[in-house]
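Right, one structure below, let's go through it.
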Amino acid sequence: MPVTDYRSRFLQLALRVEALRFGEFTLKSGRVSPYFFNAGRFDSGAALAALAGCYADATERAGIGFDLLFGPAYKGIPLATALACEFARRGRDLPLAFNRKEAKDHGEGGTLIGA
């Protein structure tokens with residue numbers, strides 16, 4: 001299967017920001033893996049914008065219908081936020097929501113925030 005443009009851009013970006021690394025890594029499960037992916041390395045505006053472009057292209061190409069973006073705590077929150085900004089830039093203003101890992105008992109309270 002040929003590598004499409006957004007896939008190539010994604011892999012190049014992941015390697016450039018060192019989100020995708022190769023070597024010997026012991027995972028939380030105890031299993032040893034020859035690679036490790038750390039989404040936390042998309043840690044700048046430019047990196048997040050580029051990543052959001054790849055995600056938006058992949059989502060549009062997949063043809064999956066959706067009406068909300070959800071970013072699971074914690075690393076998913078900036079990813080979903082960047083993707084919402086990218087879709088808005090393309091003319092599609094989508095609602096955004098995310099969760100907290102711990103329920104808040106003050107202010108709005110609860111575990112879900114946003115739309």
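Scanning segment 56-81 for residues that are under 12 Å from LEU94 (Cα atoms) and touching a residue at least 40 places away in the same chain (Cβ under 8 Å) yields a single hit, LEU68.
Keeping to segment 43-72, report how many residues are assigned to a loop (DSSP other than H, G, I, E, B) and under 11 Å from the mean Cα position of the chain (by Cα).
Taking segment 43-72 as the starting set, the residues that turn out to be assigned to a loop (DSSP other than H, G, I, E, B) are 43-44, 63-68, 72.
Next, only the ones that are under 11 Å from the mean Cα position of the chain (by Cα) stay: 72.
Final tally of qualifying residues: 1.
Contact annotation: residue pairs with Cβ atoms under 9 Å, 6 or more positions apart or on different chains, pairing a residue in segment 28-55 that is within 26 Å of LEU94 (Cβ to Cβ) with a partner that is assigned to a loop (DSSP other than H, G, I, E, B) and among the aromatic types (Phe, Trp, Tyr), are GLY40/TYR74; LEU48/PHE42; ALA50/PHE42; LEU51/PHE42.
Of the residues LEU11, LEU68, which single one is open to solvent by 40 Å² or more (accessible area, probe 1.4 Å), under 25 Å from PHE98 (Cα atoms) and either among the basic types (Lys, Arg) or in contact with a Leu (Cβ under 8 Å, 6 or more places away or on another chain) (or both)? Quick ask: steps written out before the conclusion?
Values: LEU11 fails: under 25 Å from PHE98 (Cα atoms).
On inspection, the qualifying residue turns out to be LEU68.
Residues that are assigned to a helix (DSSP H, G or I) and in contact with a Lys or Arg (Cβ under 8 Å, 6 or more places away or on another chain) are absent from segment 15-25 altogether.
Pull up segment 14-60, narrow it to residues that are closer than 17 Å to LEU79 by Cα and β-branched (Val, Ile, Thr), then point me to the one that is surrounded by the most Cβ atoms within 10 Å (Cβ to Cβ). Ranking the qualifying residues of segment 14-60, first place goes to VAL17. Based on what the data block shows, is LYS75 more than 21 Å from ALA97 (Cβ to Cβ) and either exposed (fewer than 10 other Cβ atoms within 10 Å of the Cβ) or of a type in the set (D, E, K, R) (or both)? It is false that LYS75 is more than 21 Å from ALA97 (Cβ to Cβ) and either exposed (fewer than 10 other Cβ atoms within 10 Å of the Cβ) or of a type in the set (D, E, K, R) (or both). Considering only residues in segment 82-97 that are assigned to a helix (DSSP H, G or I) and either charged (D, E, K, R) or in contact with a strand residue (DSSP E or B) (Cβ under 7 Å, 6 or more places away or on another chain) (or both), the one that is farthest from ALA39 (Cα to Cα) turns out to be ARG89.
The values are calculated or read from the model by the stated rules, or taken from the named source; none is laboratory data. Nothing here was measured: the structure is a model prediction, and the numbers come from that model. No Cβ is skipped: glycine too gets one built from the backbone with ideal geometry, and neighbour counts run over all protein chains shown. With ligands, DNA and RNA removed, areas are computed over all heavy atoms of the protein, side chains included. Shrake-Rupley method; radii C 1.70, N 1.55, O 1.52, S 1.80 Å.
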